[in-house]
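What follows is a short report on a single structure.
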């Protein structure tokens, strides 16, 4: 049977410190960033989406009015986008709100979202293989496939609709891509999309 351990004054004060820091950070954000009404469709800054599901070929990219996108590129594949925080489209995180398009040979990817779209480019450097920064680190899944894990930094090239103000911003991806076999890829990737520029 587990015994309850009383909290030390140090632990309580540390919790109070972090709680105060979070409140302070929220106050700074609210002072520097407009606060939108609940019925306003504009996304938060930052907002978070989840890319999830099996990839399927996308031989024809949709024309979403984004510059920097080659609509004739047939190398793209697509999976679904789910809402996590601060993005319009659904209040249920189990309901897909859009489609994500990515290529293994083209560094530009596309987010087709409610009321707009975003084109982004994967950073070419720095690449740090040891920690999976801007690259994948493979781990066997025990079933003949691999989990490919890593973080990726992307620059926002263009954005339309309610996402226009994110042009020039940044996306920090935390990815766990499951390579089931030579042809099937199952995505699970959190995208933290903001107006902040990556240094």
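Computed quantities for the displayed model
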quantity: 14 Å cut-off, amide nitrogen to a point 7 angstrom out along residue 195 Cα→Cβ, residues in segment 39-59; calculated: 42-47
quantity: Peptides 70-82, 153-165 ordered by average Cβ neighbours within 10 Å, highest first; calculated: 153-165, 70-82
quantity: Calculated FRET efficiency for the pair residue 125/residue 70, C-beta based, R₀ 25 Å, to 0.05; calculated: 0.65
quantity: Normalised alpha carbon radius of gyration of segment 128-178 [divisor 2.2 N^0.38 Å]; calculated: 1.52
quantity: Kirkwood Rh and Cα Rg combined as Rg/Rh, segment 103-199; calculated: 1.02
quantity: Estimated inter-spin distance, residue 94 and residue 115, nm [label 7 Å along Cα→Cβ]; calculated: 2.6
quantity: Simple label model, 7 Å out from Cα along Cβ direction - residue 141 to residue 180, nm; calculated: 0.7
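Readers should treat all values here as calculations from the given coordinates under stated rules, not as data from a laboratory. Since the model is a prediction, treat every value here as computed from it, not as a measurement. Using ideal geometry, Cβ is built from the backbone for each residue, glycine included, and neighbour counts are taken over all protein chains shown.
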